[in-house]
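The values are calculated or read from the model by the stated rules, or taken from the named source; none is laboratory data. From a predicted model like this one, the values you see are computed outputs, not experimental measurements. Counting neighbours? That spans all protein chains shown, and the Cβs are built from the backbone with ideal geometry, glycine included.
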Amino acid sequence: MHIKAKKLQTRPYCSAVIVAAGSSSRMGEDKLLIELGGRTVIERTMLAFQSSEYIDEIVVVTRGEKIPVFAGIARDAGVSKLKSVVTGGADRTSSSWAGVRECSENAGLIAIHDAARPLVTGEIIARAVTAAQQRGAAAPAINVKDTVRQARGGRVLRTLERDELFLMQTPQVFRSDLIRAALSEAVKLQLSLTDDCAAVMLLDAEVFLVEGSEENLKLTTPSDIYAAESILDRRGEL
Ligand code: CTP
Ligand code: MG
């Protein structure tokens, strides 16, 4: 009898960095400690990565005084993949860099995620990790719905091609050597970037988009809380 050897499906070790060192200035209160359906935002975000089979370890980056609070929330929620909670920086780029430096040496892929996106799904994590494994750098994005125009001083300059415009989300996933080189360069140049794809683009590396979701929203202003509650209600989690 001929038995065909089953090919082992291997994937690189994947670390998740959750950046949570912001100041929630537009929200007006610490948005990561707001409760949505009985769980804080930071707890929901950590649990999304805990329950993904594509993620092997989790590093949380936060402000120094929040380290014991977030470590306690992780412990109580059973976030067994948590490697450490470390101090972030004054801007998102330095916080990402602090998290990436903390990832295991053997990580082949690193996923960087905004703590303020607690509604990320397992499907989105899976899509981004799989695409990054194949192509080096991948991020979820959604199409722009409105007409977008560039203007200066109230005067319209031009209309942008809507089909070519995307709103970037997270997790943004990269081969670890690429994101380490990119963020160390961005920090050296003292750049303050709003996402991590911007850092790898500095090195002229290509970034590929995967399908994101309107539900993967970033909690930024108070009205986003109502939107998040209605999504959780629809999911039966409120
Ligand atoms: N972030 C971070 N370190 C910073 C700034 C931001 O880790 N120095 C994180 C935030 O905690 C958040 C994510 O990056 O999870 C996206 O940032 P944003 O939505 O802008 O959050 P905040 O910076 O906290 O909010 P704001 O800009 O309104 O102050
Ligand atoms: Mg910010």
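A few points about this structure:
- In the stretch 101-112 there is no residue matching the filter, namely being within 22 Å of N216 (Cβ to Cβ), outside any strand (DSSP E or B), in contact (Cβ under 8 Å) with a residue 24 or more places away in the chain and within 10 Å of ligand 1 (Cβ to nearest atom).
- Residue satisfying all of: in the stretch 177-213; touching a strand residue (DSSP E or B) at 6+ places or on another chain (Cβ under 8 Å) and part of a loop (DSSP other than H, G, I, E, B); surrounded by the fewest Cβ atoms within 10 Å (Cβ to Cβ) among these: E206
- Cross-chain or 6+ apart pairs with Cβ under 8 Å, the stretch 160-171 first and of a type in the set (F, W, Y), then modelled with pLDDT of 95 or more: F166/A141; F166/I142; F166/N143; F166/V144; F166/L209
- Residue in the stretch 170-188 that is among the basic types (K, R) and in contact with an Asp or Glu (Cβ under 9 Å, 6 or more places away or on another chain) present: no
- Of the numbered criteria (1) modelled with pLDDT of 95 or more; (2) out of contact with any Asp or Glu (no Cβ under 7 Å at 6 or more places or on another chain), the one L217 fails is (2).
- Residues located in the stretch 40-92, provided they are surrounded by fewer than 21 Cβ atoms within 10 Å (Cβ to Cβ), in a strand (DSSP E or B), within 16 Å of ligand 1 (Cβ to nearest atom) and of a type outside the set (A, V, I, L, M): T40, S84, T87
- Residue in the stretch 84-130 that is farthest from E215 (Cα to Cα), counting only those that are basic (K, R) and more than 16 Å from ligand 2 (Cβ to nearest atom): R101
- Condition check for D30: near ligand 1 (Cβ under 9 Å from one of its atoms) and farther than 24 Å from R175 by Cα: yes
- Test: residue in the stretch 129-137 that is assigned to a helix (DSSP H, G or I), of a type in the set (S, T, N, Q), surrounded by fewer than 17 Cβ atoms within 10 Å (Cβ to Cβ) and touching a residue at least 60 places away in the same chain (Cβ under 8 Å): yes
- S95 vs. criteria of a type in the set (S, T, N, Q), within 16 Å of ligand 1 (Cβ to nearest atom) and over 18 Å from the mean Cα position of the chain (by Cα): no
- Condition broken by D146, with the remaining ones in (1) out of contact with any strand residue (DSSP E or B) (no Cβ under 8 Å at 6 or more places or on another chain); (2) assigned to a helix (DSSP H, G or I) satisfied: (2)
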